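Below: the structure, in structure tokens.
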Amino acid sequence: MRVASIDVRLERRLAVWRGTALLVTSGSLLLALVVGGIFLKLTGHPPLDVYRELAKTAYFNWYGFTDTLGASTPLVLTGLAAAVGFKMNLYNIGAEGQLFLGGIASAWAGIAIVPGMPGPLAVLTVMFAGALGGAAWAFIPALTRAYFNTSEIVTTLMFNFIGLYLMQYLIQGSYSYWRDPKIVGFPQGKEIVDAARLPHWNFPADSMFGIAFPPGRTQVHLGLAFGVIAALGLWVLIERTRFGYGVRVTGDSPAAARYAGISIRGSIIVVMLISGALAGLAGAGIVAGQGYKLDPGGLAVALGYTGIVVAALARSNPFAVVVVAVLLGGLRTGADNMQSAPDNLKIPVAIAGMLEGAVLICALGGELFRTHRISVRRVPSNSDREEHLSGAVGVGVSP
Amino acid sequence: MIGSFASFLATSGINTNVWVVGLASAVSFAMPILFAAVGEILCERSGIVNLGVEGMLLCGVVAAFLAYDASDSAALSMVCGLLAAGALALVHAFLCITLRSNQTVSGLALVIFGAGVSNFVGEPVEGKQIEAAFTDLRIPGLHDLPVVGPVLFHQNVLVYVSVLVVISVAFYINRTRPGLALRAVGESPATADAQGISVSKVRYAHVVIGGMFAGLGGAYIVLVDGPAWNQENTTGGIGWIALALVVFASWRPGRVMFGAIAFGFALRANFTLQGAQITWFPAEVLRMMPYVLTVVMLIAVSITDVGNKLGAPAALGRPFVRDER
């Protein structure tokens, strides 16, 4: 048999091996690092040294790692916010704005209603207010998506800008309730009361498990626990309840859901509100755990958009979201820490955003190889063609 | 219509000049949105949604900025803007057409990657100011007409080019063979395929060309406005507004033009009202306006869209796979 040409096509895998997902994810991470490396090389930075330093400052040092956990706390929540939408093919890319509103609402609660409350109740109230604020910001996009089929992608995104300017108005543009009237220079937010602040974890003074920790306070605060509990709660809701079953069916096949009598409108609204509440919780965590006031600069750092990357890489699995959030949180911490690195390793902070985008692109492309495999066939030359023709006709039919 | 508007202004005792200047700058500000939206129409007419307009715009801006900064050549700057945005669009095309990826997520990935890359390579020139390359041209005999003169006949050359662009794209889509192939692929790829049209070639071509239009919009921002490069606020979300505008304009280039100018006016409202010495409106509230307008418009359009009569291409967002049909 003489080979005339080689026919390459994609075939659906009959069974998807679980490991393939991990393999594809790590492969896309690696490819993204290569893409980032090309840009680093072009701008005159040594890629390998940069990556080594980045990993060292973000993961392999006690201060760096706890900073990473702090940075990933809001990402866990915004990642979950995106993931719950993905479950039913809803794209809430408004986590950014919902996070701002969560910040606004929790700061208000922290100044106005919490004083006088005992510690745990104050913390819970502030966090609850944040979740409520985030959900409220998702309400209009949720309603219009459910009833008029308005693209939630564009509406939630527009609400990000509206939320951003609202937040700037409250602090920089007016003497609102949120702004501290005592500070005359650069406008700043009023601080929330002490009782409402999320406690931070301190390194143990003595060595623990035989590890000698450095002294001092860490960036790890109670918000991380809220994130992990939310992940657990979301998993139970989606995988173990009747409502979650409806959501999953709707995501796979809206028609099937309709025949089964599942309220698609109801699911859309509830899922969007949960998504908004999770993003709002992220904002509340920043206000109550880091800045202790409404600070537009500290909230508007693209945490909502990164949440989409987190959810996509985690394939919407709540537990994977936690892991991926820590990974990408480290990227942010590493990029920040690199600012104090020696000159040849000093790279723009935007390396984090660029790598996030590259990872997402690569993972998305890799998705096909999880479900499909490449088959390479030799197409026989003319002399053998007759007998293969019948086989070739079959190609038109789905395999 | 503009005439009666002008006479209304003249009789109402408002400083007409300020509003005319506002309208004129609205036309200029509309151009990047217009170019990006026309590009997105070409792309979506082939059946591919590209949500990455904002990312492509940003890449176009930074590439045009760096090229202009280095060479002082407007032509080279424009070419670089086009190529950078086109390259990003090519990534989208490869993901969505060859690898059959989720078009929504791919578009979002483009925005995140485009923003990251533009901030990364733009960091060394942060805050640097360049001079606008295209200044306003006066059309002889017409530019001193009241109102219409400054608004329509005292603009930079790219504004006049944009009219040609809109007309040619509309002609291309509706009156040419390749345009027919484009519509066929967007409406019913299987039929187009049976006709011997290569669905993936048509889609690749229009996704990339659509991206280049966004790049042109990016280059416009650099070459006409001559802004200081600012990582955060260069495009200010106009890529997303362009996306909404495509829906609003029912995927037709002619309609997009009017929508873009309306948004240009909303984006400039801040400065126009300042010029008119109307200051009781907070600047932040005015800055929200274009986005509020987009939401309201989109909701209004979807409420009235009974039975999907808006004219979205039938195969929009669906990958075409011959083997698995």
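The values are calculated or read from the model by the stated rules, or taken from the named source; none is laboratory data. Given the structure is predicted, the values throughout are model-derived calculations rather than measurements. Positions of Cβ are backbone-derived with ideal geometry, glycine not excepted, and every protein chain shown enters the neighbour counts. Please note that ligands, DNA and RNA were not included when accessible areas were found on the heavy atoms of the full protein model with its side chains. Shrake-Rupley method; radii C 1.70, N 1.55, O 1.52, S 1.80 Å.
Below are the figures for this structure:
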{"quantity": "Near pairs, Cβ below 9 angstrom, 6+ apart or cross-chain, from the range B:273-299 (facing another protein chain (nearest Cβ under 7 Å)) to any residue that is open to solvent by 70 Å² or more (accessible area, probe 1.4 Å)", "calculated": "B:Ala283/B:Gln274; B:Glu284/A:Gln172; B:Thr294/B:Phe248; B:Val295/A:Ile140; B:Leu298/B:Phe248; B:Ile299/A:Ile140; B:Ile299/A:Phe148"}
{"quantity": "Residue check for A:Gly285: crowded, with 16+ Cβ neighbours inside 10 Å, over 14 Å from the mean Cα position of the chain (by Cα) and either among the hydroxyl-bearing types (Ser, Thr, Tyr) or part of a helix (DSSP H, G or I) (or both)", "calculated": "yes"}
{"quantity": "Selected residue (only one of A:Asn92, A:Asn61 is of a type in the set (S, T, N, Q) and within 12 Å of chain B (Cβ to nearest Cβ))", "calculated": "A:Asn92"}
{"quantity": "Where A:Thr218 falls short, out of the listed (1) hydroxyl-bearing (Ser, Thr, Tyr); (2) at pLDDT 95 or above; (3) surrounded by fewer than 22 Cβ atoms within 10 Å (Cβ to Cβ)", "calculated": "(2)"}
{"quantity": "Count - residues of the range A:106-127 that are assigned to a loop (DSSP other than H, G, I, E, B) and among the β-branched types (Val, Ile, Thr)", "calculated": "2"}
{"quantity": "Qualifying position, being part of a helix (DSSP H, G or I), closer than 30 Å to B:Val301 by Cβ, in contact (Cβ under 8 Å) with a residue 40 or more places away in the chain and open to solvent by less than 40 Å² (accessible area, probe 1.4 Å), among A:Gly130, A:Gly103, A:Gly134, A:Gly79", "calculated": "A:Gly134"}
{"quantity": "Counted residues, the range A:5-20 - those being open to solvent by 60 Å² or more (accessible area, probe 1.4 Å) and either among the small types (Gly, Ala, Ser) or assigned to a helix (DSSP H, G or I) (or both)", "calculated": "2"}
{"quantity": "Residue that is open to solvent by 50 Å² or more (accessible area, probe 1.4 Å) and not acidic (Asp, Glu), where the choices are B:Arg183, B:Arg203", "calculated": "B:Arg183"}
{"quantity": "The range B:248-274, residues that are open to solvent by 40 Å² or more (accessible area, probe 1.4 Å) and either more than 15 Å from the chain's Cα centre (by Cα) or β-branched (Val, Ile, Thr) (or both)", "calculated": "B:Ile261, B:Arg268, B:Phe271, B:Gln274"}
{"quantity": "Odd one out for B:Tyr220 among (1) among the hydroxyl-bearing types (Ser, Thr, Tyr); (2) closer than 24 Å to A:Ile153 by Cβ; (3) assigned to a helix (DSSP H, G or I)", "calculated": "(2)"}
{"quantity": "Test: residue in the range A:137-154 that is within 14 Å of chain B (Cβ to nearest Cβ), basic (Lys, Arg), at negative phi and open to solvent by less than 30 Å² (accessible area, probe 1.4 Å)", "calculated": "no"}
{"quantity": "Extreme residue, least open to solvent (accessible area, probe 1.4 Å), among residues of the range A:336-384 that are without any contact (Cβ under 8 Å) to a residue 12 or more places away in the chain and in a helix (DSSP H, G or I)", "calculated": "A:Gln339"}
{"quantity": "Residue within the range A:249-260 that is surrounded by 24 or more Cβ atoms within 10 Å (Cβ to Cβ) and either in contact (Cβ under 8 Å) with a residue 40 or more places away in the chain or touching a Pro at 6+ places or on another chain (Cβ under 8 Å) (or both) present", "calculated": "yes"}
{"quantity": "Qualifying position, being in a helix (DSSP H, G or I), out of contact with any Pro (no Cβ under 8 Å at 6 or more places or on another chain) and open to solvent by 10 Å² or more (accessible area, probe 1.4 Å), among A:Leu166, A:Leu157", "calculated": "A:Leu166"}
{"quantity": "Residue match in the range A:188-195 (condition: out of contact with any Phe, Trp or Tyr (no Cβ under 8 Å at 6 or more places or on another chain), away from every other protein chain (no Cβ under 13 Å), part of a helix (DSSP H, G or I) and open to solvent by less than 20 Å² (accessible area, probe 1.4 Å))", "calculated": "no"}
{"quantity": "Sole residue being in contact (Cβ under 8 Å) with a residue 12 or more places away in the chain and surrounded by 13 or more Cβ atoms within 10 Å (Cβ to Cβ), chosen from B:Val161, B:Val151", "calculated": "B:Val151"}
